[in-house]
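Structure, as structure tokens:
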Amino acid sequence: MILSKIRISIDSQTNKICKIEKINQGVEVQIGKSITSFPSGTFIMPGFVDSHIHFFGVGESNLLPNFSDCHSEDDMIDIIKCSSFRRGDWIVGFGWNQEKFPEKKYPNKTKFDKAFPNTPIYLKRIDGHSALINSAAARKTGINNNTINPFGGIIEKDQNGEFTGLLIDNAMELVQSKLPFYTNSQIKTIVESSQESLTKMGVTEVYDMDFYPELFECFFAHGTEFAIRINSFVKSQNDEWRGICELPQKSGLWQLIGYKHYLDGALGSRGASLLEKYSDADTNGIDLLSEDELETKARFALNQNLSIAIHAIGDKANRVALRTFSKFPTFKNKLRLEHCQMVNLHDLQLLKNENIICSVQPIHYVSDTNSYMAQSRIGFYRMSDAYRWKSLLDEGGILVAGSDAPIESANPFRGLEAFVNSQNIKELISIAQALDAYITTPHKIYNQNRGKIEIGYDADLIVIDNNFIDNQKSISDTNVLATIINGKFIFNNGHNK
Ligand SMILES: [Zn+2]
């Protein structure tokens, strides 16, 4: 899969690979008459497919106040003060993680009220499953000490019954639905920023989760200007797309191919739905859909020959999803289980029809266990049910890989590294299986002529400086020197010959 001493010619009409020749050193790429060369020690391979990413969110997190390096509420306030990107009159930010704060305590609105008494703020946690608002935002959205929890959500109150500012899972909708949306020029800036950061990491195609229907008009009008391949799954938990866009849709390299739903939340905010209680709290998490509701939604998508992507983290959520999906054994390549993070040993056999796509994010294992979050939430004995990459493959799951960026880095080399070199896990897979999950399998599922360096294949290629198959100890040290999508250089550090 990783080649060197090779010249690849691309037909500038069809954008496909039309000739492959041996050369003495390095890599050369010929598009039409122009040849770009890369020195000895460089390699060319098919581009990476990120099978679970929040494409627009990547651009947003590049531009919005980003709290991923914050260690306190004061750090967060400093970052907000340095940023000028706003949504209407709101300050919206992303990426805090109380695991990095003193005593690992959730932030509270008090300090934010002092710093921003009149400007509403909405600051999402790193996993996107909880958010902090201040009193100005609470006033604007009508949330107060007496507001009752919506179904599947929590408006957190302290021991005196006072709202702390924290909204969990479905409670976030109370604010999210009232945020002013971006202008068209802000949307284009965000798309370009996401595209630039992803292509520089070697990602040539993405499966984009929770596409906001509000983006539809702009994406449909400007899809032909996009340089990266985007396959979007529309946010569908509350039928948000109805009245805005019908599926499927396509414009340039962008297409809208399926529905995205949530069965539960995440482990970090104890929203993942577990069969037994959390090890560090008296709760089983949150169920966002019943088994019957999920079956209705799956049937709805499949009847239109569309895909359905289900977020399932906890072992209960995965049991419900697998049980529901196994009722549709003849549907191939349409049923996606996003995260598939904890699967009880008894439920693995539900993968035997070999038609369920298990879309995992290996980098989550690294972050969740380095911070000791996962071990605290589910305890030692249940850790063997989590991050089951090898078991999913062995039992018949169709394994594809992604990053969940911007929650994690979108760098696919870090994901590969996690798949093959992680510590303290029995579920490691081989580099060949990892590359299948990142490249070959997603193209096979959707019947695309991509992911191989062969004549007639789409020219979605990257040039790198490390043969990481031979040097498996240094996978994440690999640098991307150029990215070609649909026969065009999107990013290029080579020399014109
Ligand atoms: Zn996600």
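What follows is calculated from the coordinates using simple rules that are stated; it is not laboratory data. Remember, predicted model here, so these are calculated numbers, not experimental data. Note: ideal-geometry Cβ built from the backbone for every residue, glycine included; neighbour counts use all protein chains shown.
Using the structure shown, select from K109/K140; K334/K390; K100/K188; K188/K497; K16/K250 the pairs with a Cα to Cα distance greater than 24 angstrom. Intermediate results must be reported in sequence, preceding the final value.
Details: K109/K140 15 Å; K334/K390 22 Å; K100/K188 33 Å; K188/K497 34 Å; K16/K250 20 Å.
Exceeds cut-off: K100/K188; K188/K497.
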### Query
Using θ = phi - 60° and the Karplus form 6.51 cos²θ - 1.76 cosθ + 1.60, what ³J(HN,Hα) does each residue of region 103-120 get, whole Hz, x for Gly and Pro?
6, 6, 8, 4, x, 10, 6, 3, 5, 6, 5, 5, 6, 10, x, 10, 9, x
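Under the 0.36 nm per residue contour assumption, what length would be gained going from the current alpha-carbon distance of D477 and E196 to full extension?
On the way: separation 281, 0.36 × 281 = 101.16 nm, distance 1.98 nm.
Length gained between D477 and E196: 99.2 nm.
Looking at the chain, what % of its DSSP beta bridges pair antiparallel, to the nearest 5?
Working: 41 of 85 bridges.
So the antiparallel bridges amount to about 50 percent of the total.
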### Message
Can you return the aspartates and glutamates within cross-link range of K452? Criterion is Cα-Cα under 18 Å, with same-chain partners fewer than 8 residues away left out.
### Response
D11, E21, E28, D50, E205, D436, D460
### Contact order normalised by residue count of the chain, Cα under 8 Å, 6+ apart, percent
18
### Bridge type composition, region 1-62 - antiparallel percent by DSSP, nearest 5
70
#### Entry: Whole-Å distance, taken between Cα centres, linking region 363-395 and region 196-260
30
### Message
If I model a spin label at N149 and K81 as a point 7 Å from the Cα along the Cα→Cβ vector, what separation in nanometres do I get?
### Response
3.6
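Rounded, prolate or oblate: pick one for region 88-176, where a ≥ b ≥ c are the square roots of the eigenvalues of its C-alpha gyration tensor, a/c under 1.5 means rounded, and failing that, prolate if a/b is larger than b/c, else oblate. List each step's numbers first, then the result.
Details: a/c = 1.21, a/b = 1.05, b/c = 1.15.
Taking the square roots of the gyration eigenvalues as a ≥ b ≥ c, region 88-176 is rounded.
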### Query
Can you run phi through the Karplus equation (6.51, -1.76, 1.60; θ = phi - 60°) for region 481-495 and list ³J(HN,Hα) in whole Hz, with x for Gly and Pro?
9, 7, 9, 10, 10, 6, x, 10, 5, 9, 8, 8, 10, x, 10
### Message
Between helix 412-421 and the chain, what is the angle of the helix's C-alpha long axis to the longest principal axis, kept within 0 to 90° and rounded to the nearest 10?
### Response
90
### Straight-distance crosslink candidates among lysines, where the alpha carbon sits under 26 Å from K104 and sequence neighbours closer than 8 are dropped
K81, K114, K124, K157, K277
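If you place +1 on the Cβ of every Lys and Arg and -1 on the Cβ of every Asp and Glu, how big does the dipole about the Cα centre of region 26-88 come out, in debye to the nearest 20? Display every interim value, and only then the final one.
Values: 4 positive and 8 negative charges, 90 e Å.
With Lys and Arg at +1 and Asp and Glu at -1, about 440 debye.
Let me know the charge dipole size of the chain about its Cα centre in debye, to the nearest 20, where only the beta-carbon of Lys, Arg (+1) and Asp, Glu (-1) is charged. List each step's numbers first, then the result.
Details: 52 positive and 59 negative charges, 176 e Å.
Dipole about the Cα centre, nearest 20: 840 debye.
By counting other Cβ atoms within 10 Å of each Cβ, how are D208, D292 ranked from fewest to most?
Numbers: D208 28, D292 9.
The most exposed by this proxy come first: D292, D208.
If you rank C245, C340 by fewest surrounding Cβ atoms within 10 Å, what's the result? Don't skip to the end; give the middle numbers.
Numbers: C245 19, C340 28.
Lowest to highest Cβ neighbour count: C245, C340.
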### Task
Kindly give Rg over Rh for the chain, based on alpha-carbon atoms, with the Kirkwood expression for the hydrodynamic radius.
0.97
### Task
May I ask which residue of I187, G152, Q176 lies farthest towards the positive end of the charge dipole of region 152-202, with charges of +1 (Lys, Arg) and -1 (Asp, Glu) on Cβ and the Cα centre as origin?
I187
#### Entry: Folded to 0 to 90 degrees: helix 315-325 orientation relative to the chain principal axis, Cα
60
### Task
Report the paramagnetic label zone for K327: residues of region 253-270 whose backbone N is under 17 Å from a point 7 Å from Cα along the Cα-to-Cβ axis.
261-263
### Query
Going by how many other beta carbons lie within 10 Å of each one, how would you line up I44, I148, I154, fewest first?
I148, I154, I44
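What percent does the relative contact order of region 223-371 come to when contacts are Cα pairs within less than 8 Å and at least six residues apart? If you can, show how the numbers build up before the last one.
Working: 270 pairs, mean separation 27.1, N = 149.
So the answer I get is 18 percent.
State whether region 192-251 is rounded, prolate or oblate according to the following rule on the C-alpha gyration tensor (a ≥ b ≥ c being the square roots of its eigenvalues): a/c under 1.5 gives rounded; otherwise a/b larger than b/c gives prolate, and the remaining case gives oblate. Intermediate values should be presented prior to the final figure.
Working: a/c = 2.47, a/b = 1.77, b/c = 1.40.
Since a/c reaches 1.5 and a/b is larger than b/c, the shape of region 192-251 is classed as prolate.
With +1 assigned to the C-beta of every Lys and Arg and -1 to the C-beta of every Asp and Glu, and no other charges, what is the dipole magnitude of region 88-176 about the Cα centre in debye, to the nearest 20? Before the final figure, lay out the partial values.
Working: 11 positive and 10 negative charges, 47 e Å.
My answer is approximately 220 debye.
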### Task
Of the options F38, G93, N118, report the single residue whose Cα projects farthest towards the positive end of the charge dipole of the chain (beta-carbon charges: Lys, Arg +1; Asp, Glu -1).
F38
## Note on the structure
Computed over region 17-116, the distribution of all Cα-Cα distances in 5 Å bins, rounded to whole %, is 2, 9, 14, 14, 10, 7, 7, 7, 8, 8, 7, 5, 1, 0
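In region 184-445, how does Rg compare with the Kirkwood Rh, expressed as the Rg/Rh ratio over alpha carbon atoms? Write out the running numbers ahead of the final one.
On the way: Rg = 17.9 Å, Rh = 18.8 Å.
Ratio of gyration radius to Kirkwood radius: 0.95.
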### Task
Using only Cα atoms, locate the centre of region 105-164 and the centre of region 289-357, then give the distance between them in Å, rounded to an integer.
34
### Task
Please give the helix 291-303 orientation as an angle from the longest Cα principal axis of the chain, in degrees from 0 to 90, rounded to the nearest 10.
30
## Note on the structure
Quick calc: nm separation of the 7 Å Cα→Cβ label points for D158 and E291 -> 4.3
## Note on the structure
In region 122-258 the DSSP beta bridges are antiparallel at a rate, in percent to nearest 5, of 60
### Query
In nanometres, what is the gap between the two model label sites at I2 and S371, each 7 Å from Cα along Cα-to-Cβ?
3.1
### Query
Looking at G415, N353, L294, which one has the Cα that reaches farthest to the positive end of the dipole of region 184-445 (charges on Cβ: Lys, Arg +1; Asp, Glu -1)?
N353
### Task
Per DSSP H run of at least 4 residues, take -39500 (n - 2.57); add these up for the chain, divide by its residues and hand me the 222 nm value, nearest 500 deg cm²/dmol.
-7500 deg cm²/dmol
### Query
Does a label point 7 Å from the Cα of K105, set along Cα-to-beta-carbon, have any residues of region 130-150 with amide nitrogen under 17 Å, and which are they?
132-133
